[in-house]
Amino acid sequence: MTTRSLNLALGLAALITTTPWMLHAEEVQANLKGTGEVVVAVDGGSYEAALRKAFFEPFTRDTGIKVVTAQVDTGKLLTSVQLGQPDADLTSVTGGEFPTWVNRGSVQGIDYSLFSAETLNGIPEQLRDKNGVGALLYAAVIAFNTTKYPFDGNYPKSWADFYDAKKFPGKRGLPKCERVLAGGLFVGALLADGVPKDKLYPLDIDRALTKIQTLMPDVGRWWSGGAEAPQGLISGDSDITISFNGRISTAKSEGAPVGLTWEQSILQYDYWVIMKGTPNAENANKFLAYISQPKPQADFATAMHYGPVNKDAFKLLPKDLAADLPGSPAIADKQVFEDYTWWAGTQSDGRSNYDHALTRCVETLSQ
């Protein structure tokens, strides 16, 4: 575990012992009132539905600022920023991709003066970067169809199980190379190949790719959007898949025969970022200040089962739910922390480890 990850873990482990929180809702909302709109680029499916319920609709109701959504198209969005005409005002990016967006000059600073003192005190320091504020805590998990692998029977509980198609037969779902980091593709492969979790970094990319290639005959779906992983389990394209925990929890709550294990789940987090040169920067900052409060964070965790970035939100959640969210002390020993510092590191040619890993993945797997 890196120092950055350890500090985050310690901060999360202290969730329940923090000073009692007082939310001055009326004062906060008065400071955030405005006019016009804010355009948010988001992934679709259950994730967007949860954002709308917990963030978008309450924000518009309380501030008067309309939220307009746009589908995420990273390449198109970055190009529009370079041209000085951003297609959206803000979006969320993974912690691993975040340094690249900053280094490219694609984002601008967060105006934390709009955040109440109570809100800022509730957000761990690692998630209060000058160029981005924490969006959510999530985990790439092993998920499966519970019709084929019931919870009361023998189901895959480790990455070794995931890669063992003889012991656990069935089609697999893997993220495409474009999700190599967020989807935990290489980390899962290395854990399956016997690498201890405290010896993962620096990642052995060639070893990971060799392991992934052994499973390719059994892959039924390569997914890109997060909603595709549970869809694959439901449609029969895959019986076992890598997925994001919130997607599986939402599908399960809607009656889908899906489940997950927290064992060796890969803990990650995203940042909200504001596009460089957006004319709606003030509204974008107001939006971030609003949704970072404990109540919206708790509402989002209830709707999507992703970990809240504001630790005070845990106090507003039922204990059984709070204990079953990414970042919860109850499952901390089962999780593997992603090392974003390594992914952001550069090699002799000036390119990041992430860029090199992505290139090698595409060259080798060619999905």
Subject >> Estimated 222 nm signal from helices in the chain, with DSSP H stretches of n ≥ 4 weighted -39500 (n - 2.57), rounded to 500 >> reply: -10000 deg cm²/dmol
Subject >> Sequence of Ser158, Ser249, Ser352, Ser292 once ranked by neighbouring C-beta atoms within 10 Å, starting from the fewest >> reply: Ser158, Ser352, Ser249, Ser292
Original post:
Got a sec to turn the phi values of the stretch 77-92 into Karplus ³J(HN,Hα) couplings, 6.51 cos²θ - 1.76 cosθ + 1.60 with θ = phi - 60°, whole Hz, x for Gly and Pro?
Top reply: 5, 5, 5, 5, 5, 4, 7, x, 9, x, 6, 9, 7, 7, 7, 10
**OP:** Can you check what the net charge comes to around Gly232, using other residues whose Cβ is under 14 Å from the Cβ of Gly232 (Lys, Arg +1; Asp, Glu -1)?
**Re:** +3
Original post:
Got a sec to turn the phi values of the stretch 169-178 into Karplus ³J(HN,Hα) couplings, 6.51 cos²θ - 1.76 cosθ + 1.60 with θ = phi - 60°, whole Hz, x for Gly and Pro?
Top reply: x, x, 6, 9, x, 10, x, 5, 4, 5
Subject >> Order of Ser348, Ser106 - criterion: other Cβ atoms within 10 Å of each residue's Cβ, fewest first >> reply: Ser348, Ser106
Subject >> Lys311, Lys130 arranged by Cβ crowding within 10 Å, fewest neighbours leading >> reply: Lys130, Lys311
**OP:** Once you have the Cα-Cα distance between Phe151 and Asn121, take 0.36 nm times their residue separation minus that, and quote the gain in nm to one decimal.
**Re:** 6.9 nm
**OP:** Hey, can you grab everything whose amide H is under 5 Å from the amide H of Glu37? Only 5+ residues off in sequence or another chain; H modelled, so Pro and N-termini drop out.
**Re:** Lys66
Original post:
Using θ = phi - 60° and the Karplus form 6.51 cos²θ - 1.76 cosθ + 1.60, what ³J(HN,Hα) does each residue of the stretch 273-290 get, whole Hz, x for Gly and Pro?
Top reply: 10, 9, 5, 4, x, 5, x, 9, 4, 5, 5, 5, 5, 5, 4, 5, 5, 5
Original post:
To the nearest 20 debye, what charge dipole does the chain have about its Cα centre, counting +1 at the Cβ of each Lys and Arg and -1 at the Cβ of each Asp and Glu?
Top reply: 320 debye
Original post:
In a GNM of the chain with a 10 Å cut-off on Cα contacts, which of Gly105, Gly134, Gly184 has the highest mean-square fluctuation?
Top reply: Gly105
Subject >> Local electrostatic count at Ser352 - Lys and Arg +1, Asp and Glu -1, tallied over other residues with Cβ under 12 Å >> reply: -1
Original post:
Pairs Lys66/Lys295; Lys148/Lys176; Lys76/Lys319; Lys53/Lys315; Lys66/Lys130; Lys171/Lys252: which exceed 31 Å Cα-Cα?
Top reply: Lys76/Lys319
Original post:
Roughly how many Å is it from the Cα centre of the stretch 223-266 to that of the stretch 169-208, as a whole number?
Top reply: 17 Å
Subject >> Eligible aspartates and glutamates near Lys33 by straight Cα distance, threshold 15 Å, same-chain separation 8 or greater >> reply: Glu57, Asp62, Glu282
Original post:
Between Asn154, Asn245, Asn310, which gets the highest mean-square fluctuation from a Gaussian network model of the chain, Cα cutoff 10 Å?
Top reply: Asn154
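Every number in this text was worked out from the coordinates using simple rules, so none of it is lab data. Source: prediction; values computed, not measured. All Cβ positions, glycine included, derive from the backbone under ideal geometry; neighbour counts span all protein chains shown.
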